[in-house]
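Visitor: Here you go, one structure.
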Amino acid sequence: MTGRISLFAAAIALTFTPLAHGQTVTKGNTVTATFTIQAIDSTKKTMTLRSENGEEDVYSGTGLPRFNELKVGQKVKTTYYESMVFQVVKPGQTASPASVEASLNRAKGALPAGTVSTQEKMTVTVKAIDQKIPSLTVTAPDGRVITRKIEDRKNIEGLKVGDRIEITYTQALLVSVENAK
């Protein structure tokens, strides 16, 4: 349930292009960073990582497969991807059922690597639109009524009470370890 609340909050908070019936709008973001392992404490299962801008932080390796293979000086590359797809469902068109999917894939290479991803999908129904604030009130599939302020009133132009918006929220984190050069 919490995931669905955060999905909707993220979706409504995002600035998106005004939607016409049947139009699909996608917003995405990718952030990549590389860290260097500065220290490893095998007893406590922690490691100190230094970011590219010199900031250091200690991270727990508890539950991290192949933790014992990590070495000081190795590079940890991360890529975080997030996307949101909004589509107004045409009248008479069947919306996809609500769903939550997750996956974890561990690479089988010489050094630790893997990907974790989630995708949430739901369809909400527009219950009220307030152009003055501006805000949008919708009904979630479980009957909850949620109101969120919209950053730009152009984002709700063309929407009408009763319209259905299908929201697909995808997140992925890719992590790989490389030997120091």
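Visitor: Considering region 123-154 alone, what residues qualify as being touching a Leu at 6+ places or on another chain (Cβ under 8 Å) and not charged (D, E, K, R)?
Guide: Across region 123-154, the qualifying residues are Val126, Ala128, Ile129, Leu136, Thr147, Ile150.
Visitor: Among the residues of region 77-87, is there at least one that is farther than 30 Å from Gln119 by Cα and either of a type in the set (S, T, N, Q) or out of contact with any helix residue (DSSP H, G or I) (no Cβ under 8 Å at 6 or more places or on another chain) (or both)? Reasoning before the result, please.
Guide: Start the filter on region 77-87 by keeping residues that are farther than 30 Å from Gln119 by Cα, which leaves none.
The answer is no, given that none of the residues of region 77-87 is farther than 30 Å from Gln119 by Cα and either of a type in the set (S, T, N, Q) or out of contact with any helix residue (DSSP H, G or I) (no Cβ under 8 Å at 6 or more places or on another chain) (or both).
Visitor: If you check Ala98, Ala128, which single one turns out to be at pLDDT 90 or above, at negative phi and not charged (D, E, K, R)? Steps first, please.
Guide: Details: Ala98 fails: at pLDDT 90 or above.
None of the other options fit; the residue is Ala128.
Visitor: Give region 161-180 a look and list any residue that's part of a strand (DSSP E or B), modelled with pLDDT of 90 or more and either among the hydrophobic types (A, V, I, L, M, F, W, C) or touching an Asp or Glu at 6+ places or on another chain (Cβ under 6 Å) (or both), or say none.
Guide: The answer is Gln171, Ala172, Leu173, Leu174, Val175, Val177.
Visitor: Only one of Thr123, Thr115, Thr147 is closer than 30 Å to Glu178 by Cα, within 22 Å of the chain's Cα centre (by Cα) and not aliphatic (A, V, I, L, M); which?
Guide: Only one candidate passes the filter, namely Thr115.
Visitor: Same structure again: Sort out which residues of region 126-169 are within 21 Å of Gln93 (Cβ to Cβ), surrounded by 13 or more Cβ atoms within 10 Å (Cβ to Cβ) and without any contact (Cβ under 8 Å) to a residue 40 or more places away in the chain, and write them in order of number.
Guide: Matches in region 126-169: Val126, Lys127, Ile129, Thr139.
Visitor: Moving to a separate point now. Scan region 75-95 and tell me whether some residue there is over 27 Å from Lys154 (Cβ atoms), of a type in the set (Asp, Glu) and in contact (Cβ under 8 Å) with a residue 12 or more places away in the chain.
Guide: Within region 75-95, none of the residues are over 27 Å from Lys154 (Cβ atoms), of a type in the set (Asp, Glu) and in contact (Cβ under 8 Å) with a residue 12 or more places away in the chain.
Visitor: Taking region 28-58 as the search range and keeping residues that are free of Cβ contacts under 8 Å to residues at least 24 places away in the same chain and in a loop (DSSP other than H, G, I, E, B), which one is surrounded by the most Cβ atoms within 10 Å (Cβ to Cβ)?
Guide: Looking at residues that are free of Cβ contacts under 8 Å to residues at least 24 places away in the same chain and in a loop (DSSP other than H, G, I, E, B), I get Lys45.
The values are calculated or read from the model by the stated rules, or taken from the named source; none is laboratory data. The structure presented is a predicted model; accordingly, all values stated were derived computationally and were not measured. Cβ atoms come from the backbone with ideal geometry, glycine included; neighbour counts cover every protein chain shown.
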